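Read through the structure below, which is laid out as structure tokens, and then see the notes.
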Amino acid sequence: MKVLGTAIPEVKLVEPRVFEDDRGFFLETFHAGRFAEHGLPSEFVQDNHSRSRRGVLRGLHYQLRRPQGKLVGVARGEIFDVAVDIRRGSPTFGRWAGAVLSESNHHMLWVPPGFAHGFFTLSDVADVIYKCTALYEPADDRGVLWSDPAIGIEWPGADPILSDKDRVLRTLDAAHDDLPEYA
């Protein structure tokens, strides 16, 4: 497995070893010891599976009091996955890192606690799977507007399909008092 840096040091691109032949492929999506060797979490408490159609944008979501680290991958299709540093006082506050994750490249993105997460669906259908370091708490759910010009994410599509919730999220500046602190 390779672990590569991104535009933000804490956000990592994970490239697992893939063994392919005429029958298909095999890969390890998680190995506690190997993850720990690379400074990544070795304990996750919740797995999620999300299906989206082309043009759907989900995010940018985070939890305030019980932040979730997320290891994001794609079982089917292709997405543009994004992590935004929303930790007040962080040297990379407001910056983002993104990567294309797909069923063909098998890459995963590590989104640390204290970061907002979102993705845009590039394929007709995408099944996104992700492991979380903390349980989802509906009352703790927060978000930042996907199109906030202060963040300036270069999304690969125009006119995304959004949920009612994601359409009205606040900008990073407006959410300032509802953001995690950099430790």
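The values are calculated or read from the model by the stated rules, or taken from the named source; none is laboratory data. The shown structure was predicted, so the numbers you read here are calculated from the model rather than taken from an experiment. In this analysis, Cβ positions are derived from the backbone assuming ideal geometry, glycine residues included, and neighbour counts consider all displayed protein chains.
Some values worked out for this structure:
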quantity: Scope region 101-115; condition under 21 Å from residue 158 (Cβ atoms) and either assigned to a helix (DSSP H, G or I) or of a type in the set (A, V, I, L, M) (or both); matching residues; calculated: 101
quantity: Filtered residue count, region 36-69, keeping only those that are touching a Lys or Arg at 6+ places or on another chain (Cβ under 9 Å) and on the phi > 0 side of the Ramachandran plot; calculated: 1
quantity: Within region 1-27, considering residues that are of a type in the set (Asp, Glu) and either on the phi > 0 side of the Ramachandran plot or in a loop (DSSP other than H, G, I, E, B) (or both), the one surrounded by the fewest Cβ atoms within 10 Å (Cβ to Cβ); calculated: 22
quantity: Filter result for the condition that a residue is part of a strand (DSSP E or B) and either at pLDDT below 95 or within 26 Å of residue 178 (Cα to Cα) (or both), over 58, 51, 65; calculated: 58
quantity: Members of region 123-155 that are crowded, with 16+ Cβ neighbours inside 10 Å and within 21 Å of residue 40 (Cβ to Cβ); calculated: 128, 129, 130, 131, 132, 133, 134
quantity: Count of residues meeting criterion [surrounded by fewer than 16 Cβ atoms within 10 Å (Cβ to Cβ) and touching a residue at least 40 places away in the same chain (Cβ under 8 Å)] in region 28-37; calculated: 1
quantity: Single residue of region 80-100 satisfying the filter (in a loop (DSSP other than H, G, I, E, B) and hydrophobic (A, V, I, L, M, F, W, C)) that is farthest from the chain's Cα centre (by Cα); calculated: 93
quantity: Scope region 49-66; condition among the hydrophobic types (A, V, I, L, M, F, W, C) and under 15 Å from residue 122 (Cβ atoms); matching residues; calculated: 56, 57
quantity: Residue in region 60-79 that is among the aromatic types (Phe, Trp, Tyr), over 17 Å from residue 138 (Cβ atoms) and touching a residue at least 60 places away in the same chain (Cβ under 8 Å) present; calculated: no
quantity: Residue match in region 26-42 (condition: acidic (Asp, Glu), within 24 Å of residue 126 (Cα to Cα) and out of contact with any strand residue (DSSP E or B) (no Cβ under 9 Å at 6 or more places or on another chain)); calculated: yes
quantity: Of all residues in region 38-64 being touching a Leu at 6+ places or on another chain (Cβ under 9 Å) and of a type in the set (D, E, K, R), the one that is surrounded by the most Cβ atoms within 10 Å (Cβ to Cβ); calculated: 58
quantity: Failed item, numbered, when residue 180 is tested on (1) of a type outside the set (A, V, I, L, M); (2) at pLDDT below 95; (3) touching a Pro at 6+ places or on another chain (Cβ under 7 Å); calculated: (2)
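To keep it simple, each residue is scored yes or no on (1) surrounded by fewer than 20 Cβ atoms within 10 Å (Cβ to Cβ); (2) closer than 15 Å to residue 54 by Cα; (3) among the aliphatic types (A, V, I, L, M).
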| site | (1), (2), (3) |
| --- | --- |
| 86 | no, no, yes |
| 92 | yes, no, no |
| 95 | yes, no, no |
| 100 | yes, yes, yes |
| 109 | no, no, yes |
| 112 | no, no, no |
| 117 | no, no, no |
| 121 | no, yes, no |
